[in-house]
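Shown next, in structure tokens, is the structure this report addresses.
Rule-based calculations on the coordinates, nothing more; no lab input. A quick note: this is a predicted structure, and the numbers were derived from the prediction, not measured. Reconstructed Cβ throughout: ideal geometry from the backbone, glycine too, with neighbour counts over all protein chains shown.
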Amino acid sequence: MARTLRGELAEKALQDIRHAGLDRVHFAWAGSLRRGEGHYYRITGPTFIIEYDNTQNDANHVHLVWHSLEGNFGLDALRRHYEHHHHHHPATK
């Protein structure tokens, strides 16, 4: 996912991840393993969090967010998106 950033930003993000230690990156899954059923995963490291949420419209509406822990200042971008654009989602409760 870092490669979707501009070149210099991608290189910096990947360098920070490697420097912090790839062994400190963790993966968590929640939800179904079946197609058409909601699921969510999160990849967390010391410098970032990646969230993939596919729980809307019979698991046919994906949100993917990269959080920089150095630059987000505690902002929960996925929750903020749901609050402003998807008024009937469990993340907003």
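Tabulated data for the structure shown
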quantity: Modelled FRET efficiency - R0 25 Å, L22 with R80, Cβ distances, 0.05 increments; calculated: 0.30
quantity: Where labels lie 7 Å past Cα in the beta-carbon direction, separation of A30 and L9 in nm; calculated: 2.7
quantity: ³J(HN,Hα) computed for each position of region 27-41 - Karplus, 6.51 cos²θ - 1.76 cosθ + 1.60, integer Hz, glycine/proline x; calculated: 10, 9, 10, 9, x, 7, 9, 9, 4, x, 10, x, 7, 8, 9
